[in-house]
Amino acid sequence: MQKPPLPDPAAAPSEDGFVELDDDSYAPPADLDGDGPPRPRAPAPGASRPPGRSRVTLIAGAGVVLLIGAALLAYRAHHRHQALQAGMQRAEELIRLDTAAGYREAADLLEPLAALDPLEAASLRAYALAALHVDYRDEGAGAQAEALLVEPGRAAEVPRWASLASGILALSRRSLGDATAASAAAQGSPFADALQARIALAAGSLAAAADAAQAAAADRALPAGLALHGDTARRARGDAATARAAYAAALTASPTHPRAAYGLAKLALAGDAPATDAVKALERLTADAAGTPAPERARAALHLAALRIRAGDRAAAAAALDGAGLGPGARDWAGRAAEVEARARGPYRAVAGAPPSVSSACDDDPAVVAAVLPPEPRPEPPPRPAPVRKATAAKAAAKAGTRKTATPAKKPASRTAAKRTSRTAR
């Protein structure tokens, strides 16, 4: 390669001490003349970087992503747990009402939660559906409850709500042994005591039912136990005061509780309680078309009509039965049954032969009276007029004494005797 010429040392420097060079003083080498070789370019996006720095960056990024994901998962699990607890607590409050509306709302609330928790939440939903089936004759609810109980039944420890649901379903099949075993598995819960009371009532053992119902009624926020306590106090011991207090407490906790409303009506019909409270409870129940099924409202209308007949208001009694929407046959039976209840005296006795539209599992007194109207009582005859007394008792006694003391007067001799006497004298 040809070297560029050096500057002449003799050349005078400039004032600044630098030698001025001509434009041609430096000529680039031939191999550098022109564009030269291609320069290295920056890596395209997505191209690999030097291995050391890229690996550290990737590891750091992956760690950040993992930390964020773990935090999100933890938050999600915590939030899901809170939602489960809040939902199950609210569902239990609805179940405690022991009404069709409460059970239905609880089942709807628990439907998404049962998918998240197939043991506890699913068991609680199965109980709500089982109660709808047994107490309010919802056949679809019974099938759903059976399906929900499959997985909890296989668990190492069966949830308490699953045992209670199985017990209610067994009671509906009249499998009292299975129902008792399920109730024992859930021992320690007031719901289990209430279930045991119902099993004893179904078996006809009022004494055993009274003990279990009293234990269930210890929970003053459990209307089912309170109403059962009222039933057993009324039927087994004839304790109207205890029964009335239990029914009133149940209605305070659950204003449209069917069993408690029916119980107050039975006390009133037996003459053991004023009719005012019973009429209010029955009217509230018959007006609850949105939450109370038709058979329970019709049963309430039957007792309401009987109380109104007893009060002498037959028009209001007929209006109550007409408002129940019964068919002709059921309406005829309800009219006769209301008359029988109204005319009966003494402890309440249920009328037999109720059609399904006027039957309720919440009204399980044994039906022993035929729906046959007794003969109308004969009207009392008009009072007889008082006899006219001819003489007072004192006058009668005086007359009797006078007759005894008076000397009878001598009768004059007959003419024949006188003639004989005169002839003898001659």
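Nothing in this text is a laboratory measurement; each read-out follows from the coordinates by a stated rule. In this text the structure is predicted, and so the values were computed from the model without any measurement. All Cβ positions, glycine included, derive from the backbone under ideal geometry; neighbour counts span all protein chains shown.
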Test of understanding: what is the full-extension gain from L66 to S172, defined as 0.36 nm times their sequence separation minus their Cα-Cα distance? 32.8 nm
May I ask you to derive the FRET efficiency for A287 and L373 from their Cβ-Cβ distance with R0 = 30 Å, giving the value to the nearest 0.05? 0.55
When a/c reaches 1.5 or more, the comparison of a/b and b/c decides; with that in mind, is segment 160-290 rounded, prolate or oblate per its Cα gyration tensor? prolate
Expected sort for 127-137, 311-321 on mean C-beta neighbours within 10 Å, highest first, is 127-137, 311-321
Cβ neighbours within 10 Å, averaged per peptide: list 220-227, 234-241 in order, most packed at the top. 220-227, 234-241
Here the net charge surrounding L94, from other residues whose Cβ is less than 14 Å away from its Cβ (Lys, Arg +1; Asp, Glu -1), is -2
Between S205 and E111, what length comes free when the chain is fully extended (0.36 nm per residue of separation minus the Cα-Cα distance, one decimal in nm)? 30.1 nm
State whether segment 255-373 is rounded, prolate or oblate according to the following rule on the C-alpha gyration tensor (a ≥ b ≥ c being the square roots of its eigenvalues): a/c under 1.5 gives rounded; otherwise a/b larger than b/c gives prolate, and the remaining case gives oblate. rounded
Evaluate the distance, in nm, between pseudo-label points positioned 7 Å from the Cα of A245 and of D322 along their respective Cα→Cβ axes. 4.3
Could you tell me which of rounded, prolate or oblate describes segment 80-187, using a ≥ b ≥ c as the square roots of the eigenvalues of the alpha-carbon gyration tensor, with rounded for a/c under 1.5 and, failing that, prolate when a/b is larger than b/c and oblate otherwise? oblate
Long-range amide H partners of A371 with built H, under 5 Å: A352
Computed for segment 255-373: size of charge dipole around the Cα centre, +1 on C-beta of each Lys and Arg, -1 on C-beta of each Asp and Glu, debye to nearest 20, value 200
